[in-house]
Amino acid sequence: MIQGMGGFMSVTGERDHKPGGGPQRAGVPVVDIMTGMYSTIAVTAAIANRERTGKGQHIDMALLDTQVGFLANQGANYLVTGEPPVRLGNTHPNIVPYQSVPTKDGAIIIACGNDNLFNRLCDLLGQPALKTDPRFATNAARVTNRDTLDPILDELMQQQRTTAEWSKRWRRRAPCGPINNLEGRVRKPASGCPRDQSGDSASDGRQGRFGAEPDVVFRNTDRIHTPPPLLGEHTDEVLQSVLGKSADEIAALKKAGTASVPLAAFGQSFGRSPTSVAIGPLCQRDRSRIKGGLRPDLTQRVSGLSWFPAVGLARMETHSGMLVALASG
């Protein structure tokens, strides 16, 4: 919804006059991710400012604000020209050719970001005349005449070589790359790019594979590989090391529902496996509403969250001010 409201879908998808044309959303939740990234930057800036001034900051992030903020070159194009940009499929609004093109066995992405790279492409295609054709001699001319140039490139690329053959032939001559699926990307990553990682969760010992963040190396700092934490996994550690809370104070916070309890602790307290799911914490109104227990065969709404019976729960109970959904397995 936010991608549509924020203008993202108006510039994403194939051109309207082509097969499959129309607005498309991104295949990953880019707005959610970017809002988290902007929030991280804001928090970092607030911490730095606190160190200098001793004052804290209030951070207010919104999905729609983020979406509009990272329209990037598309937003800049509109501000400069006053013309709303349109969908261009896999092509680039300001650079031609910078797009996916068909090959004998699939497709490949070519990125000719300047006239020199386009000239190299023409030589590789065996079409030197394209370099001096006034319709294609400069990037500005190619942008204007993209509808003429694109079919020419598509036919030449598809007739001559496979994706692997083009990649090998273009190596060190012009930027290009295949269109991998996730299996090809994760199992055979390029050197220096993100890899999947595996490891044990410190709390329950279950194995898991997770997408790793990009390799960012800080001087004199070792890289730490850890899986995502479980809910409440580091509650005690943070309260003790950062806030200086004692064991009794932490226990009181948990009893009041102010601090979360690890999932494993929920399962143990009910004599169940650590597959229990914590939904809370609960406000006083919610505690009163569910005092008599929750029926897992009905949709429940507690603390603004809807919980549906389709998830296969045995029962729901409260514990230390938290709503706990106990798995039936």
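Values quoted throughout were computed directly from the atomic coordinates according to the rules given, and no laboratory measurement underlies them. Worth saying up front: this structure is predicted, and the values here are computed from it rather than measured. Neighbour counts run over all protein chains shown; Cβ positions are idealised from the backbone, glycine included.
Observations on the model:
- Stretching the chain fully between GLU183 and LYS18 yields a gain of 56.5 nm (0.36 nm per residue, less the alpha carbon separation).
- Distance between modelled label sites at ARG25 and ALA252, nm, 7 Å Cα→Cβ extension: 4.6 nm
- Loop sites in the range 112-167: trypsin sites (Lys or Arg not before Pro), DSSP, at most 14 other Cβ within 10 Å: ARG135
- Unsatisfied cross-links (Cα-Cα over 26 Å) in the set LYS55/LYS245; LYS18/LYS168; LYS18/LYS131: LYS18/LYS168; LYS18/LYS131
- Long-range Cα-Cα pairs in the range 1-153 (distance over 22 Å), rounded percent: 56 percent
- Protection proxy ranking for 33-46, 86-99, using the average of other Cβ atoms within 10 Å per residue and placing the highest first: 86-99, 33-46.
- Whole-Å semi-axes of the range 81-164's equivalent ellipsoid (Cα gyration tensor): 21, 16, 10
- In terms of the mean number of neighbouring beta-carbon atoms within 10 Å, the peptides 64-70, 47-53 order highest first as 64-70, 47-53.
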